[in-house]
Amino acid sequence: MDENEQSLKQKKIALAQSEHAPTVIELMKDCIVQVPIIADTEWRTIVNALTLEIQSTMLRDMVDLLEKIRTGSLHEE
């Protein structure tokens, strides 16, 4: 295994197990665009709903990934 790859893996594990993991989630929440789902056109409403869905999925995926790393998923690779 490459030294840089190992170092990155160690950093991911350290972050997931640290008190800073919730801060990463909060930073991601800060990046979420705050737009109302209902907009002035049907097209814009669809775009807003899809944007919200994509952002919430990414946030859930990050929370799940941090939890998996925290419980040892990177050690098993």
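Values as computed for the structure displayed
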{"read-out": "Residue ID - nearest to the chain's Cα centre (by Cα), chosen from residues in the range 44-77 that are acidic (Asp, Glu) and surrounded by 10 or more Cβ atoms within 10 Å (Cβ to Cβ)", "value": "Asp61"}
{"read-out": "Scope the range 34-69; condition touching a Leu at 6+ places or on another chain (Cβ under 9 Å) and either acidic (Asp, Glu) or under 20 Å from Pro22 (Cβ atoms) (or both); matching residues", "value": "Leu66, Lys68, Ile69"}
{"read-out": "Of all residues making up the range 29-43, the number that are surrounded by 13 or more Cβ atoms within 10 Å (Cβ to Cβ) and either of a type in the set (S, T, N, Q) or modelled with pLDDT of 95 or more (or both)", "value": "0"}
{"read-out": "Count of residues meeting criterion [in contact with a helix residue (DSSP H, G or I) (Cβ under 8 Å, 6 or more places away or on another chain) and assigned to a helix (DSSP H, G or I)] in the range 33-54", "value": "0"}
{"read-out": "Flag if Ile13 is surrounded by 10 or more Cβ atoms within 10 Å (Cβ to Cβ), aliphatic (A, V, I, L, M), in contact (Cβ under 8 Å) with a residue 12 or more places away in the chain and assigned to a loop (DSSP other than H, G, I, E, B)", "value": "no"}
{"read-out": "Which numbered condition Lys68 misses (of (1) modelled with pLDDT of 95 or more; (2) charged (D, E, K, R); (3) more than 30 Å from Asp2 (Cα to Cα))", "value": "(3)"}
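The values are calculated or read from the model by the stated rules, or taken from the named source; none is laboratory data. Predicted model, so just to flag it, every value in this text is computed and none were measured. No Cβ is skipped: glycine too gets one built from the backbone with ideal geometry, and neighbour counts run over all protein chains shown.
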